[in-house]
Amino acid sequence: MSPLPRRLVVATRNEHKLKELAEILTGVELVSLPESVEMPAEDGETFAENALVKARAARAATGEPAIADDSGIAARALGGRPGVYSARFAGERATDEQNLALLLRELDGAEDRRVAYVCAIALVDAEGKERTFEGRCEGELAAKPRGSGGFGYDPAFVPLDTGPADERTMAELSPTEKHAISHRGRAGRGLAAALGLEARR
């Protein structure tokens with residue numbers, strides 16, 4: 001890999017993702033993709049494919065090392081859906097609230113409420129070399145949203161890593177607690193280790 005980067009372009013305009021990555025990674029400046037850069041279509045069949053497409057586009061447009069995150073939720077009872085369509089589960093312009101409401105409706109009355117958060121972070125370094133890092137967090141979907149933290153499906157995602165007696169959703173955890181077990185935290189620590197960076201746990 002290239003020497004330790006001082007700055008990484010993040011191929012996202014999602015402020016929540018950028019904030020979480022900045023909280024996870026330390027020792028490197030993270031900057032969002034310029035508004036003038038048009039993002040490619042996310043038409044890959046896996047999170048890793050979509051992340052790579054975005055990271056390649058950011059690297060080509062800026063000439064700087066770039067990373068991209070693609071992530072979502074997979075419900076066991078739905079055969080892994082919504083998966084790579086998590087951000088547009090309820091439609092191309094759907095809000096987080098609409099996507100979550102649809103998932104809750106689809107699993108209404110289901111005995112199997114097991115879900116998993118999956119994240120892939122792709123890196124295209126200064127030399128154009130590519131790597132991907134994946135993280136996963138298992139959980140169950142609560143019947144109703146709870147908590148004001150996080151974003152996306154967090155208000156109904158109850159992680160298993162906090163223990164059977166802890167019924168808090170991701171949206172009810174502190175940022176430190178969430179990053180220690182989240183799919184993005186795990187993928188981010190893999191990236192940090194590969195780059196020789198520190199990562200918060």
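The values are calculated or read from the model by the stated rules, or taken from the named source; none is laboratory data. If you're wondering where the values come from, they're calculated on a predicted model, not measured in any experiment. Note that each Cβ is placed from the backbone with ideal geometry, even for glycine, and that neighbours are counted across all protein chains shown.
Computed quantities for the displayed model
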{"quantity": "Identity of the residue in segment 167-177, in a helix (DSSP H, G or I), modelled with pLDDT of 95 or more and not acidic (Asp, Glu), that ends up nearest to LEU141 (Cα to Cα)", "calculated": "MET170"}
{"quantity": "Conditions (1) in contact with a helix residue (DSSP H, G or I) (Cβ under 7 Å, 6 or more places away or on another chain); (2) buried (at least 17 other Cβ atoms within 10 Å of the Cβ); (3) among the basic types (Lys, Arg); number of the one not met by ARG114", "calculated": "(2)"}
{"quantity": "Residue match in segment 21-41 (condition: of a type in the set (Val, Ile, Thr), modelled with pLDDT of 95 or more and within 14 Å of the chain's Cα centre (by Cα))", "calculated": "no"}
{"quantity": "Segment 80-100 - residue that is under 18 Å from ALA41 (Cα atoms) and basic (Lys, Arg) and, of those, modelled with the lowest pLDDT", "calculated": "ARG93"}
{"quantity": "Those residues of segment 92-111 which are loosely packed, with under 15 Cβ neighbours inside 10 Å and in contact with a helix residue (DSSP H, G or I) (Cβ under 7 Å, 6 or more places away or on another chain), in sequence order", "calculated": "ALA110"}
{"quantity": "Residue list for segment 128-137, restricted to those being assigned to a loop (DSSP other than H, G, I, E, B) and basic (Lys, Arg)", "calculated": "LYS129"}
{"quantity": "One residue from GLU97, GLU92 being closer than 16 Å to ASP154 by Cα and without any contact (Cβ under 8 Å) to a residue 12 or more places away in the chain", "calculated": "GLU97"}
{"quantity": "Where LEU197 falls short, out of the listed (1) at pLDDT below 95; (2) out of contact with any Gly (no Cβ under 8 Å at 6 or more places or on another chain)", "calculated": "(2)"}
{"quantity": "Residue check, ALA55 in a helix (DSSP H, G or I), touching a residue at least 12 places away in the same chain (Cβ under 8 Å), out of contact with any helix residue (DSSP H, G or I) (no Cβ under 9 Å at 6 or more places or on another chain) and over 24 Å from PHE157 (Cα atoms)", "calculated": "yes"}
{"quantity": "Every residue from segment 146-163 that is part of a loop (DSSP other than H, G, I, E, B) and either surrounded by fewer than 20 Cβ atoms within 10 Å (Cβ to Cβ) or among the acidic types (Asp, Glu) (or both)", "calculated": "ARG146, GLY147, SER148, GLY149, PHE151, LEU160, ASP161, THR162, GLY163"}
{"quantity": "Subset of segment 30-87 [among the basic types (Lys, Arg) and either out of contact with any Asp or Glu (no Cβ under 7 Å at 6 or more places or on another chain) or closer than 18 Å to LEU18 by Cβ (or both)]", "calculated": "LYS54, ARG56, ARG59, ARG81"}
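Yes/no matrix, rows are residues, columns are (1) without any contact (Cβ under 8 Å) to a residue 12 or more places away in the chain; (2) crowded, with 22+ Cβ neighbours inside 10 Å; (3) in a helix (DSSP H, G or I):
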{"site": "GLY139", "(1), (2), (3)": "no, yes, no"}
{"site": "ALA143", "(1), (2), (3)": "no, no, no"}
{"site": "ALA165", "(1), (2), (3)": "yes, no, no"}
{"site": "GLY185", "(1), (2), (3)": "no, yes, yes"}
